[in-house]
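Asks: Once you've had a glance at the structure underneath, I'll fire off some questions.
What follows is calculated from the coordinates using simple rules that are stated; it is not laboratory data. Please read these numbers as outputs of a predicted model, since none were measured by experiment. Note that each Cβ is placed from the backbone with ideal geometry, even for glycine, and that neighbours are counted across all protein chains shown.
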């Protein structure tokens, strides 16, 4: 069975490129363009890992996704990705249990 990976990013080109890389590597990659669509995906089937952009649509962030995963008691790791890394968001991500905090561009290494 393929691992299911959820990619959450409001930028279509980044989201779809990330999905393509992961699909080519043999993963079942699904995407969401924002907070609510991500929660819809999570409600239907819990992914094995989540990549969440820090900046989503107005009023929501990847940290909100991380909080919701924690509130639901889900055990899937959440990796925060950002084009604007900062000490505050990195510290908050780690404090809330993020598995990792990556700066964009995320490079294909496989």
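Asks: Take the residues of region 71-96 that are under 15 Å from the mean Cα position of the chain (by Cα) and closer than 25 Å to residue 2 by Cβ: which is surrounded by the fewest Cβ atoms within 10 Å (Cβ to Cβ)?
Replies: Going through the qualifying residues, I end up with 75.
Asks: Just the residues that are assigned to a helix (DSSP H, G or I), farther than 13 Å from residue 46 by Cβ and in contact with a strand residue (DSSP E or B) (Cβ under 6 Å, 6 or more places away or on another chain), please, taken from region 66-93.
Replies: 66, 90, 93
Asks: Residues in region 2-45 that are in a loop (DSSP other than H, G, I, E, B) and either touching a strand residue (DSSP E or B) at 6+ places or on another chain (Cβ under 8 Å) or at negative phi (or both): how many? Give the derivation first.
Replies: Kept after step one, since they are in a loop (DSSP other than H, G, I, E, B), are these residues of region 2-45: 2-3, 9-11, 25-27, 33-34, 45.
So of that shortlist, the ones also either touching a strand residue (DSSP E or B) at 6+ places or on another chain (Cβ under 8 Å) or at negative phi (or both) come out as 2-3, 9-11, 25, 27, 33-34, 45.
So the answer is 10.
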